[in-house]
Amino acid sequence: MQNILNLHEATTPKYPQIFTNLVYAFKDGQALTLNLIVPPVRPGTKPHFPLLIYVPDIADDNSVKRDERLSQMFSFARYGYAVALLSYRSKSDVSLMVKDINSAVRFLLSKTYKYHFDPYRYVLFGEGLGAYLSALCLLKQRDQALHDEDIHRSPLRYQCCLMLSAPDFFVPLPASYKRYQKTAPTLLEVLQKVSGKLPPVLLLNGTKEPFLPPKEATMLLNAFINAQSNAQLYNFTDAPRGSDAFFTPYSIDLMVDFIDNSLKKKG
């Protein structure tokens, strides 16, 4: 008797694909890269996945925490989102970092056919310094000074922004952020100069080790609302920076609902 078993399991793809170290630009002699998670593509289908652009925080030595949230981002792939985790020139001023993010997004939008993106549905999700940079990308997406590419030939239209543990530069910050204060306008200053209606913004703030104390977080929320953004704030009780409380199943459901509502066609 042979110990051979024939298994008749479904062969359709079940797991996301991961593409690592995709070079999206060369700047200052440095290769800037991103990692990409794409939901499974079933044979015979032509999906158009919405794209979540995750901008990570920095480490204490000012290097980018590139894959810190890789496992958490898989949760969004299960909801049918493609997720890009970006690197950027963290040892530069904030305007260059914003330019890097915008360059990465244009690179991704040029690959919509290859990776099955929807070129009209893409959102920003930043953590720590990445949250601040994501907000600047959203608020200044029509400011040529923060783009290396021509904004008229290649415009960007971010649909919404999620900001997790966002620092703003009117409050005391960890030492690793102090190098950016000379070149970093506060978001309150930028919001006062914005004209026209803004896309929706979701603020996620931990109260145990906040970059934004509750009072200042409310100030920032109201500034977005005053700038005609459909903004919301969730305060996570006793959650420190880097906590998985932000990525529980319930928390992810809240974020996915916010993104889905932001991506719905209006009118």
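Coordinate-derived values only; no laboratory data. For clarity, every value in this text was computed on a predicted model and none was experimentally measured. No Cβ is skipped: glycine too gets one built from the backbone with ideal geometry, and neighbour counts run over all protein chains shown.
What percent antiparallel are the DSSP beta bridges of the stretch 17-263, to the nearest 5?
On the way: 13 of 37 bridges.
Of the beta bridges lying entirely in the stretch 17-263, close to 35 percent run antiparallel.
Can you tell me, using C-alpha contacts under 8 Å and at least 6 residues apart, the relative contact order of the chain as a whole percent? Don't skip to the answer; put the middle values down first.
Values: 481 pairs, mean separation 39.8, N = 267.
Here the relative contact order equals 15 percent.
Specify whether the C-alpha gyration tensor of the stretch 139-267 places it in the rounded, prolate or oblate class, a ≥ b ≥ c being the square roots of the eigenvalues: rounded for a/c under 1.5, otherwise prolate if a/b is larger than b/c and oblate if not.
Numbers: a/c = 1.77, a/b = 1.17, b/c = 1.52.
It comes out oblate by the Cα gyration axes.
Angle check, please: helix 249-263 long axis (alpha carbons) against the longest principal axis of the chain (alpha carbons), in degrees 0 to 90, nearest 10.
Helix 249-263 sits roughly 80 degrees off the main axis of the chain.
For the stretch 75-230, what does the relative contact order come out to in percent, with C-alpha contacts under 8 Å and a separation of six or more? Display every interim value, and only then the final one.
Values: 207 pairs, mean separation 33.5, N = 156.
Once divided by the residue count of the stretch 75-230, the mean separation gives 22 percent.
Residue separation times 0.36 nm, minus the C-alpha to C-alpha distance between GLN181 and ALA31: what's the value?
My answer for the length gained is 51.4 nm.
Quickly estimate the mean residue ellipticity at 222 nm for the chain, helices only: each DSSP H run with n ≥ 4 gives -39500 (n - 2.57), and the total goes over all residues, rounded to 500. Each step should come with its number before you reach the end.
On the way: 7 runs with 74 residues, N = 267.
Only helices count here, giving -8500 deg cm²/dmol.
Between PHE224, PHE19, PHE125, which gets the highest mean-square fluctuation from a Gaussian network model of the chain, Cα cutoff 10 Å?
Most flexible of the set in this elastic network: PHE19.
Between rounded, prolate and oblate, where does the stretch 68-116 land on the alpha carbon gyration tensor, with a ≥ b ≥ c its root eigenvalues, rounded for a/c under 1.5, else prolate if a/b exceeds b/c?
Note, shape of the stretch 68-116 comes out oblate.
With only Lys, Arg, Asp and Glu charged, each at its Cβ (+1 for the first two, -1 for the last two), find how big the charge dipole of the stretch 17-263 is about the Cα centre; round to the nearest 20 debye.
Details: 26 positive and 23 negative charges, 130 e Å.
So the dipole magnitude of the stretch 17-263 works out to roughly 620 debye.
Which whole-number percentage describes the relative contact order of the stretch 46-94, with Cα contacts under 8 Å and a sequence gap of 6 or more? The partial results should precede the final answer.
Values: 55 pairs, mean separation 23.5, N = 49.
Worked out over the stretch 46-94, it gives 48 percent.
Can you give me the three principal axis dimensions of the stretch 17-263 from its C-alpha atoms, in Å, biggest first?
52, 41, 38
Assign one of three labels to the stretch 55-142, namely rounded, prolate or oblate, based on the Cα gyration tensor with a ≥ b ≥ c the square roots of its eigenvalues; rounded applies when a/c is under 1.5, prolate when it is not and a/b is larger than b/c, and oblate otherwise.
Working: a/c = 1.96, a/b = 1.28, b/c = 1.53.
The shape class here is oblate.
Measure nothing but the geometry: give the 0 to 90° angle between the long axis through the Cα atoms of 94-109 and the longest principal axis through the Cα atoms of the chain, rounded to 10°.
The helix 94-109 is inclined about 30 degrees to the chain.
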